[in-house]
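The values are calculated or read from the model by the stated rules, or taken from the named source; none is laboratory data. Values in this document were obtained by computation on a predicted structure and should not be read as measured data. Cβ atoms come from the backbone with ideal geometry, glycine included; neighbour counts cover every protein chain shown.
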């Protein structure tokens, strides 16, 4: 199937860079392979998360300093800023 889509210049350049890195050239065939692979990966991720197509959430980590006394730990506000989702 051929799809006619419009992409910005920055996206096109990044796709061409990926094609060059993975396939050794950035011709139409290699660019098509990159786009096809990206679409396949996206569709596979939707199927694997089994949440009806919702976006994949960022992984969350709770950082703790188990070998330190509470006074030596970062304040809760700084911990949220450094290690919280989205930097907030």
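The number of residues in the range 23-37 being under 18 Å from the mean Cα position of the chain (by Cα) and surrounded by 12 or more Cβ atoms within 10 Å (Cβ to Cβ) comes to 3. Looking across 87, 53, one residue alone is more than 30 Å from residue 6 (Cα to Cα) and modelled with pLDDT under 65. It is 87.
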